[in-house]
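Student: Take this structure, written in structure tokens, and hold onto it; I'll ask about it next.
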Amino acid sequence: MNDKYEPIEPALQQLIEALKSSEVCRRYEAARAQIEADSDRRRQIDEFRKKAFLLQESHDFMNNHSRASQLFDERMQIRQDSAAAEYLSAELDVCRMLQYVCLQVMGVTDLQIEPFEEDIHT
């Protein structure tokens with residue numbers, strides 16, 4: 001750890017513990033444990049998650065309706081499995097919680113990235 005960060009370390013550790021002990025994270029960990037017990041189910045979910053990520057990160061995301069539709073259908077099929085549906089829902093809740101925390105922390109100061117913001121998102 002850098003000495004410059006030492007003053008915030010106790011608060012950071014407290015935040016980490018609060019996140020880990022939150023209902024959101026406990027729900028995710030329980031859902032993940034259930035998914036981990038079935039390697040075929042885990043593989044199917046991971047493949048879906050990979051496809052979703054790659055589609056979202058593609059430059060042609062908005063114009064690729066057929067892939068998006070195909071992915072939606074796959075998602076609906078996977079979510080018929082209640083354990084898989086719970087896992088994906090819990091994972092999304094964790095992502096939203098972490099996004100919220102990041103947005104709150106990023107609001108501490110304005111890094112003035114506007115001049116090159118477009119380059120960041122390409």
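Where a number appears in this text, it was derived from the coordinates with a stated rule and is not lab data. Computed from a predicted structure; not experimentally measured. Neighbour counts are summed over all protein chains in view; Cβ atoms, including those assigned to glycine, are modelled from backbone coordinates with ideal geometry.
Student: Run the helix sum for the chain: -39,500 (n - 2.57) per DSSP H stretch of 4+ residues, divided by residue count, reported at 222 nm to the nearest 500 deg cm²/dmol.
Tutor: On the way: 6 runs with 89 residues, N = 122.
The per-residue figure over the chain is -24000 deg cm²/dmol.
Student: Mind sorting out which of (1) 14.4; (2) 15.3; (3) 17.4 is the real Kirkwood radius over Cα pairs in Å computed from the coordinates?
Tutor: (3)
Student: Could I have the simple spin-label model distance between residue 22 and residue 81, label points 7 Å from Cα toward Cβ, reported in nm to one decimal?
Tutor: 2.7 nm
Student: Using a 10 angstrom cutoff on alpha carbons, build the Gaussian network for the chain and name the most mobile of 54, 92, 12.
Tutor: In the Gaussian network model the winner is 12.
Student: Once both axes come from the Cα atoms, what is the angle between helix 82-106 and the longest principal axis of the chain, in degrees from 0 to 90, rounded to 10?
Tutor: The angle comes out at about 20 degrees.
Student: For residue 106 and residue 5, calculate 0.36 nm times their separation in residues minus their Cα-Cα distance, and state this gained length in nm to one decimal. Walk me through the intermediate numbers first.
Tutor: Numbers: separation 101, 0.36 × 101 = 36.36 nm, distance 1.60 nm.
Separation in residues times 0.36 nm, less the Cα-Cα distance, equals 34.8 nm.
Student: OK, next. Which of 56, 104, 112 moves the most in a Gaussian network model of the chain with Cα springs under 10 Å?
Tutor: 112
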